[in-house]
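Remarks on the structure that follows.
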Amino acid sequence: MANPRRKLGRAVLTPRAIETLGSTRLARVRVETSDPQSIDRLLPPGAVHQGAALETWPLKSPDLDEILDRPATGRRIILVLDQLSDPHNVGAILRTAAAFDVTAVVVQDRHAPPQSGALAKSASGALDLISYVEVVNIARTLDQLAERGFWRIALTGDADMSLAEAIPRGDVALVLGSEGSGIRRLVKEHCEASASIPISGAMESLNVSNAAAIALYALRA
């Protein structure tokens, strides 16, 4: 509700939720008072609502050029998600991206989870804090970032170079691959470097959202 770019519909709330949120927060919406059982019936099975449900619409994808034209202080980081499909993973990555002041998260429009309740819940509010850019072609977008001075790193499990060795001085576009097949060959070919996060041989790989968190910490250290 605090995001002016977010189109809002009605809010269905219990009396206690109305009291908790307060009139200032609810000024932008039409409030309907209800009971928890009625709110249950409005939402998907198993949804946890805590007495509050809000009707909203997906945010319009921002323009990447406009984002890159904004003044920046320090290193800019763009996360590029190559066909990640799990909304919980993408939501967790958005939450981490907000925590580490990532400039934008880029996804392919036809191969990314929709801005649904599952994605928004996993993001814990970050969907409204981070620029979530939907593009047609990931490889072309990486070329666009290279023209803007970004060093492109593909994060893979089989790279010979560690992420610590691959980090440059300037802006970085970090590419993360899908949960199953990883980064596509064509996308990897549009990166200057491939890098890995060294882990114990006891585990074959990391969950992609965990890898994103470790990588962003390394980039911000």
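What to note about this one:
- Charge dipole (the chain, unit charges on Cβ, about Cα centre) - positive-most of P45, I67, G9: G9
- Net charge dipole, the range 8-56: roughly 160 debye, given to the nearest 20, about the Cα centre with Cβ charges of +1 for Lys and Arg and -1 for Asp and Glu.
- Overall form of the range 91-221 per C-alpha gyration tensor (a/c, 1.5; a/b vs b/c): rounded
- Max mean-square fluctuation residue, GNM over the chain, Cα-Cα springs under 10 Å, options A154, A202, A99: A202
- Each Lys and Arg contributes +1 and each Asp and Glu -1, all at the Cβ; summed about the Cα centre of the chain, the dipole is approximately 700 debye.
- Of all the options P198, P168, P44, the one that moves most in a Gaussian network model of the chain with Cα springs shorter than 10 angstrom is P44.
- Estimated [θ] at 222 nm from DSSP helical runs (n ≥ 4, -39500 (n - 2.57)) normalised by residues in the chain, nearest 500: -9000 deg cm²/dmol
- Hull volume per residue, based on the alpha-carbon atoms of the range 19-141 and their convex hull, is 140 Å³.
Readers should treat all values here as calculations from the given coordinates under stated rules, not as data from a laboratory. What you are looking at is a predicted structure, and each value in this text was computed from that prediction instead of being measured. All Cβ positions, even for glycine, are placed from backbone atoms using ideal geometry, and neighbour counts span all protein chains on display.
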